[in-house]
């Protein structure tokens, strides 16, 4: 005996697929909502990341022009948009150091390090602050050497700026032999734009003088 399909209307393939999709969506509605929310959240984070980079880059431009308050304002905005943007903390720390606001600078460099312990730049900047701070109470040659060694190690001892900082740190603790050694290394690795300044520092260390405070 054949089944009578008359009492069960035949559903074409298109309708079957449509019903299957609708049923699948209905059954998995929480998953669908989660997926849509995740996509929206990811897009928002990407947009915020792009905006944070814009403010960070504009802050750099202000800083290079000596417009420090505007630079800090932009770095603040970048950090508000992306609280784990270590480069913005590092850049804001540089500007605070240039303004002589050493406590704020130290805090920002340490925050940048805590976010990304494998990025050398913040170690180097903190080392330079401890080696050359204008306020004597903030100078700490021993810490400067430790931090500069860390920065050099993370950069495979190839970054002339970091080698220059290491030399300044050794000079701050009175180890002028190492200061001369590493300043020479910095000169060997330097670009032409850095050569004059590095040579000036080498002359200081040869005379057994630390680099003057900022």
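The values are calculated or read from the model by the stated rules, or taken from the named source; none is laboratory data. Keep in mind that what you see is a predicted model, and the values were worked out from it rather than measured. Glycine also receives a Cβ, built like all others from the backbone with ideal geometry; neighbour counts cover every protein chain displayed.
When we screen 59, 66, 93 for residues that are modelled with pLDDT of 95 or more and on the phi > 0 side of the Ramachandran plot, the only hit is 66.
For every residue, the table says whether it meets (1) more than 22 Å from the chain's Cα centre (by Cα); (2) surrounded by fewer than 20 Cβ atoms within 10 Å (Cβ to Cβ); (3) outside the structural domain of residue 95 (by TED's automatic domain parsing); (4) assigned to a loop (DSSP other than H, G, I, E, B).
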residue: 130; (1), (2), (3), (4): no, no, yes, no
residue: 162; (1), (2), (3), (4): no, no, yes, no
residue: 171; (1), (2), (3), (4): yes, no, yes, no
residue: 174; (1), (2), (3), (4): yes, yes, yes, yes
residue: 196; (1), (2), (3), (4): yes, yes, yes, no
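What residue, of 25, 72, is at pLDDT below 50 and assigned to a helix (DSSP H, G or I)? Answer to the check: 25. Considering every residue within region 56-69, establish whether at least one is outside the structural domain of residue 195 (by TED's automatic domain parsing), buried (at least 24 other Cβ atoms within 10 Å of the Cβ) and under 30 Å from residue 207 (Cα atoms). Checking region 56-69: not a single residue is outside the structural domain of residue 195 (by TED's automatic domain parsing), buried (at least 24 other Cβ atoms within 10 Å of the Cβ) and under 30 Å from residue 207 (Cα atoms).
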